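To start, the structure itself, in structure tokens.
The values are calculated or read from the model by the stated rules, or taken from the named source; none is laboratory data. Model, not experiment: these values are computed from the prediction. Heads up, the Cβs are rebuilt from the backbone with ideal geometry, glycines too, and the neighbour counts pull from every protein chain shown. Heads up: the accessible areas ignore ligands, DNA and RNA and are worked out on the full protein's heavy atoms, side chains in. Shrake-Rupley method; radii C 1.70, N 1.55, O 1.52, S 1.80 Å.
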Amino acid sequence: MGGRYDYDESRIGVRPNRRGTRPRTKDRPAHKDAIIGMVTAVDRGRWTVLVDDHPVTAMRARELHRSPIVPGDRVGLVGDTSGTEGSLARIVRIEERDTFLRRTADDTDPVERVLVANADQLAIVTALADPEPRPRMVDRCLVAAYDAGMEPLLVLTKADLAHPDEFMKTYAGLDVSYVVTEVKDDGTITGLDAVHERVHDRMTVLVGHSGVGKSTLVNALVPGTDRAVGHVNAVTGRGRHTSTSAIALPLPEGGWVIDTPGVRSFGLAHVDPASFIDHFPELAAGTEECPRGCTHDNEYCALDAWVAAGHAGDSGPARLESLRRLLRSRLGNPEDE
């Protein structure tokens, strides 16, 4: 007579596996036959992917979970890649990115958002007036561009309302390219040829506040695009959002521009504050005399004497204040920009 812990294995029932006897695995299929295309737009869970010069509508495969897939991404597709109406392919792989531009909602938000991938140039579109330029926002975009390994380009619009020289004094110590544009009464844009030259055969992301003329510029660069053009609120001095999602557009002469929605802020929570000084090269040399562990925003910082001695040029004081405002904001003490 067996005890209470004596078992007869023959009496144990085994529930059959309805999915077969193949052991479960976490290995994803290789999809070696996947066709490579470039994402040009995203809309409500559907991606437009350019494959052999024709657009394909695709969904994200389950194994990619919530992996961000953004304009500029090179992706692997399986399924129906014919591009015919009603067809749907699956994105099963995101190819390695050369660059990716990121931002956060603010400087303390741990959630980062990938805006675009594989672009090599960031065009920061800024109106010289109406709305008033915001150099702190430009500084943020410059830091984001350097962090992403992208070359920055300043595109200064509405030169009919203000001369660019005063604004560019702030950036005199930087080796940053810039172009100036102006919309004439007949709708033509002076300076457009210079913009064409800068974006030719490159993948350029356009970033800027609403109302700075970004959509007008895109419509001129890519005729027939018809991106909605907004206007500046007379009370707030800020523009109305017109573009609601990023979209990659091919340039007739070669290259791509990626238009992004107008932004009110450009958080840098993903960038290490210790690297900020690296993106202010006219100030970086002055930190050699700083004490160990200097935050560059305290009374012992050597940058004050460096700038006062004129080593950073006429724009030195403004650039130092810009650096410190970024540092305070990044460390949780935001200030108006």
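So between CYS294 and HIS54, what do we pick up on full extension, going 0.36 nm a residue minus the alpha carbon distance?
Once the chain is fully extended between CYS294 and HIS54, it gains 81.0 nm.
Answer with one residue from MET150, ALA129, GLY187: the one whose Cα lies farthest towards the positive end of the charge dipole of region 96-188, charges on Cβ with Lys, Arg +1 and Asp, Glu -1.
MET150
Put +1 on the Cβ of every Lys and Arg and -1 on every Asp and Glu Cβ in region 87-224; which of VAL205, SER87, ALA117 then has its Cα farthest towards the positive end of the dipole?
About the Cα centre, the residue reaching furthest to the positive side is SER87.
Using square roots of five times the C-alpha gyration tensor eigenvalues, list the equivalent-ellipsoid semi-axes of region 33-192 in whole Å, biggest first.
Ellipsoid half-lengths, sorted descending, are 37, 20, 13 Å.
Could you sort GLU85, GLU96 by their accessible area in this structure, using a 1.4 Å probe and putting the largest first?
The most accessible residue leads, giving GLU85, GLU96.
Equivalent-ellipsoid semi-axes (√(5λ), Cα gyration tensor) for region 83-141, whole Å, largest first?
Equivalent ellipsoid of region 83-141: 32, 17, 13 Å, largest first.
With Cβ to Cβ distances under 9 Å as the rule, what net charge do the other residues near GLN121 carry (K, R +1; D, E -1)? The partial results should precede the final answer.
Details: positive: ARG198, ARG202; negative: ASP120, GLU151.
Value of the local net charge: 0.
Would you mind estimating how fast region 26-114 diffuses translationally, via Stokes-Einstein at 10 °C and 1.306 mPa s with the Kirkwood radius over Cα pairs, in µm²/s?
Values: Rh = 13.9 Å.
Answer from the Stokes-Einstein relation: 115 µm²/s.
Given labels modelled 7 Å from the Cα in the Cβ direction, how far is it in nm from ALA305 to HIS200?
5.0 nm
To the nearest 0.05, how large is the calculated FRET efficiency for GLU112 and ASP193 if R₀ is 35 Å and r is the Cβ-Cβ distance?
The formula returns an efficiency of 0.45 here.
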